[in-house]
1. Considering only segment 180-221, state which residues are assigned to a helix (DSSP H, G or I) and of a type outside the set (Phe, Trp, Tyr).
2. Please enumerate the residues belonging to segment 372-400 that are surrounded by 21 or more Cβ atoms within 10 Å (Cβ to Cβ) and touching a strand residue (DSSP E or B) at 6+ places or on another chain (Cβ under 8 Å).
3. Tell me, please, whether a residue that is at pLDDT 95 or above, more than 22 Å from PHE57 (Cβ to Cβ) and outside any loop (DSSP other than H, G, I, E, B) can be found in segment 241-260.
4. Just for segment 127-144: of the residues that are surrounded by fewer than 16 Cβ atoms within 10 Å (Cβ to Cβ) and of a type in the set (S, T, N, Q), which one is modelled with the lowest pLDDT?
5. Please specify each residue of segment 342-361 satisfying the condition of being surrounded by 17 or more Cβ atoms within 10 Å (Cβ to Cβ) and in a helix (DSSP H, G or I).
6. Check ASN334 against each of (1) in a loop (DSSP other than H, G, I, E, B); (2) in contact with a Phe, Trp or Tyr (Cβ under 9 Å, 6 or more places away or on another chain); (3) over 26 Å from ALA397 (Cα atoms) and name the one condition it does not meet.
7. Can you give me the number of residues within segment 8-57 that are closer than 23 Å to LYS405 by Cα and without any contact (Cβ under 8 Å) to a residue 12 or more places away in the chain?
Amino acid sequence: MNFIDLFAGAGGLSEGFIRAGFNPVAHVEMDTAACYTLRTRAAYHYLKTEGKEDIYFAYLQKQLTRAELYSHIPGHILSGVINLPIGKEFNPRIHKEIRQQPGGQKIDLIIGGPPCQAYSLVGRARSVDGMKNDPRNFLFVEYANFLEEYTPKYFVFENVMGLHSANGGKYLEKMRQLFKKKGYEIKLHNLEANNFDVLQHRRRVVIIGWREDLKPDLPDLEAVRSTGEYKVKDIFTDLPKINAGEGIDRYSRYHSKPSKYLKVASIRNGVDILTQHITRPHTEQDKKIYKIAVSKWNKEGERLNYNDLPDNLKTHKNRNSFIDRFKVVAEDLNFSHTVVAHIAKDGHYYIHPDIDQNRSLSVREAARLQSFPDDFYFEGVKEGMNRTAAFKQIGNAVPPLMAEKIAKTIKAFYKRF
């Protein structure tokens, strides 16, 4: 069950498939920081398989450098992370490197999703030409070329809901026709991450494709429903309280035992090591606004309207749109609003619900909302904590818990062929 992950990002989609028993042959990603994250995660999975997890834990505790961690890992595992942009210029080199990997001659599955800015409603709204001339619109063509190159049994293509309406739906229809031309049938699924027990409202299009010589009877993924048993507060209960600009990069102890959700979702897995529970600093003005937003939610159950702030706290000239630009991650709901890559720029849309901590989410809290396990470390280009790079990777990722459940569906049908 060999797979390659295209446009891999930090590897959230891949993480789910690895948990389900699939074997990663290669990850292809152009962002250098994300590639370091992928290598570090590959190191973790290798060491876990070899019963040498202590080496990885020593790295988390800053007892080893990144280079020293990688020195324990076979070269082919690290070289399986290919730091190149997908396209005509680099594809021959990418294919060569994939073919050289163990399992690279037989790929059973391709997963991944091209960058979504060109299809997203927000991206189009902010673009002068509505993203019509953005070259990322046609990265699905490159994806299809990889299908032709490796002829996998299945593929999984993930993207934003805006894919339905981008260019009046013409891109989606072109995808369907192109995948058909390459020999693949597809089924579209409009999925909600919270239905897969991710504590976040995150709507995504997931296309499952299969080679036309196969006849899988795929279940209706849209029928999956969460138990509704858990609430957002379940991700916060065991974490040390910190204020704006505080936290520990690589190692600290948990505040208390894990909630039931953290164990069920495999976010806490018995290892008493906490990393990247660190938050950005905020101005005094922002902290005043945060307190107003949290107080309004706690007392009235209402979101803060930017126009309702005192005049001395209003600095934005735009008073007609993005009036909810300051938003609390409400702990009493079954799921939060969507975590997006904008969290790398500021934390105003992700205010911590504890008014006493008075800050935006830490890197680890954002990762938990995306269902990443706590032993997942987000790297920067340079070794050491890079908060911006980590937030960007988290915001762009597919929730691993959701990916795992999709992977298990694929696996059940894969065994029949």
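The values are calculated or read from the model by the stated rules, or taken from the named source; none is laboratory data. Quantities reported herein were computed from a predicted structural model and do not represent experimental measurements. Glycine also receives a Cβ, built like all others from the backbone with ideal geometry; neighbour counts cover every protein chain displayed.
1. Once the filter is applied, which keeps residues that are assigned to a helix (DSSP H, G or I) and of a type outside the set (Phe, Trp, Tyr), segment 180-221 yields LYS180, LYS181, ALA193, ASN194, ASN195, LEU221.
2. Scanning segment 372-400 gives ASP374, VAL398, PRO399.
3. yes
4. Per the criteria, the residue is SER127.
5. Within segment 342-361, ILE343, ALA344 qualify.
6. Going through (1) in a loop (DSSP other than H, G, I, E, B); (2) in contact with a Phe, Trp or Tyr (Cβ under 9 Å, 6 or more places away or on another chain); (3) over 26 Å from ALA397 (Cα atoms) one by one, ASN334 breaks only (3).
7. The qualifying residues number 2.
Residue-by-condition table, conditions (1) of a type in the set (Ser, Thr, Tyr); (2) farther than 16 Å from VAL198 by Cβ; (3) at pLDDT 95 or above:
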position: SER336; (1), (2), (3): yes, no, yes
position: PRO353; (1), (2), (3): no, yes, yes
position: ARG359; (1), (2), (3): no, yes, yes
position: GLU365; (1), (2), (3): no, no, yes
position: PHE372; (1), (2), (3): no, no, yes
position: PHE378; (1), (2), (3): no, yes, yes
position: GLY384; (1), (2), (3): no, yes, no
position: ALA390; (1), (2), (3): no, yes, yes
